[in-house]
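Since every read-out is calculated from the coordinates, none of them should be taken as a lab result. It should be emphasised that the depicted structure is a prediction, and the values quoted were computed from it without experimental measurement. As a convention, Cβ positions derive from the backbone with ideal geometry for all residues, glycine included, and neighbour counts pool all protein chains shown.
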Amino acid sequence: MRSTYIAKEGEVERKWWVVDATGQSLGRLASEVAAILRGKLKPEFTPHLDTGDFVIVVNADKIVLTGKKLQQKMYNRHSGYPGGFRATSYDVLMKTKPEFVIEKAVKGMLPHNRLGRAQGKKIKVYVGDVHPHAAQLPEVWTMRG
C-alpha cells in the first residue's frame, strides 16, 4: 500500500537562496520567489505547512517593468479618514522604495492567511549587491524560465 508523504513541522530543512533581480521582469521574478518561499519546488511540499526556503533578492532597483506599467500602474492606499486616499505611480515607487515593489508583488502571490504571512517573512530584499546574510551561506538561484 502506498501513501502520500506529508512533511512534519520539525522535519523541514530550510536553505537560503540569493536571487539577482538585474534585468528580470517583476512578475516572473515574483512568481519564482513565491514558489521558493512556499516550498513548491521541493519534493516534500505540503500545502498546509511552511516547507519553503529563505530568499534574498539583491539589486532590487534593477528590476524591469514591461510596457507602460511604470507610468500607469498605481499603488493605492487609504488612511481610513475622509480624503485619506493616496495613489503613487510605480515610477515614483521604483525611485524611492524598490524593495517594497518586489515585496508587494511576491506577497500578493502567497496565500492570504496565517500561512502566507509566515512565508512572507522569509523574503529579504536589498537595493544593492550587499546583504547581511553571508553567515547563512546562501546559494545562488538561477531563474527557471
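Straight-line reach from Lys122: which aspartates and glutamates have a Cα under 13 Å away, not including same-chain ones fewer than 8 places off?
Cross-link targets: Asp50, Asp53, Glu103.
To the nearest 10 degrees, how steeply does helix 98-107 sit against the main Cα axis of the chain, on a 0 to 90 scale?
50 degrees
Can you tell me the length gained on complete extension of the stretch Lys73 to Ala135, counting 0.36 nm per residue apart and subtracting the Cα distance?
18.6 nm
By counting other Cβ atoms within 10 Å of each Cβ, how are Asp53, Asp20, Asp91 ranked from fewest to most? Display every interim value, and only then the final one.
On the way: Asp53 20, Asp20 17, Asp91 14.
Ranked by crowding around the Cβ, least crowded first: Asp91, Asp20, Asp53.
Would you order Ser3, Ser79 from fewest to most other beta-carbon atoms within 10 Å of each residue's own beta-carbon? Working shown, then result.
Numbers: Ser3 5, Ser79 9.
Arranged by neighbour count, lowest to highest, Ser3, Ser79 become Ser3, Ser79.
Check cross-link reach from Lys73 to the lysines: straight Cα distance under 18 Å, and skip same-chain residues fewer than eight apart.
Here the lysines satisfying the reach criterion relative to Lys73 are Lys62, Lys95, Lys97, Lys104, Lys107.
How far apart, in nm, are two points set 7 Å out from the Cα along the Cα-to-Cβ line at Lys62 and at Leu115?
Taking the two extended label points, one gets 3.5 nm.
What are the aspartates and glutamates whose alpha-carbon lies under 18 Å from the alpha-carbon of Lys68, with same-chain residues fewer than 8 places away excluded?
Asp91
Counting other Cβ atoms within 10 Å, keep those with at most 11, restrict to DSSP loop, and tell me which trypsin sites (Lys or Arg not before Pro) in the range 1-74 are left. Show your work: numbers first, answer last.
Details: sites: Arg2, Lys8, Arg14, Lys15, Arg28, Arg38, Lys40, Lys62, Lys68, Lys69, Lys73; in loops: Arg2, Lys8, Arg14, Lys15, Lys40, Lys68, Lys73.
Those satisfying the criteria are Arg2, Lys8, Lys68.
Using the alpha-carbon centroid of each, what span in Å lies between the range 1-54 and the range 70-123?
22 Å
Percent antiparallel among DSSP beta bridges with both residues in the chain, to the nearest 5? Please report the intermediate quantities before stating the final value.
Values: 5 of 16 bridges.
The answer is about 30 percent antiparallel.
Out of the GluC sites (Glu not before Pro) in the range 1-96, which ones are loop residues according to DSSP with at most 14 other C-beta atoms within 10 Å?
Within the range 1-96, the qualifying GluC sites (Glu not before Pro) (loop, at most 14 other Cβ atoms within 10 Å) are Glu13, Glu44.
Please list, by residue number, every one of the chymotrypsin sites (Phe, Trp or Tyr not before Pro) in the range 1-42 that is coil in DSSP and has at most 15 other beta-carbon atoms within 10 Å.
Those that pass, being in a loop and sparsely packed, are Tyr5.
Can you tell me the orientation of helix 26-38 relative to the chain, as the angle in degrees between its alpha-carbon axis and the longest Cα principal axis, to the nearest 10?
30 degrees
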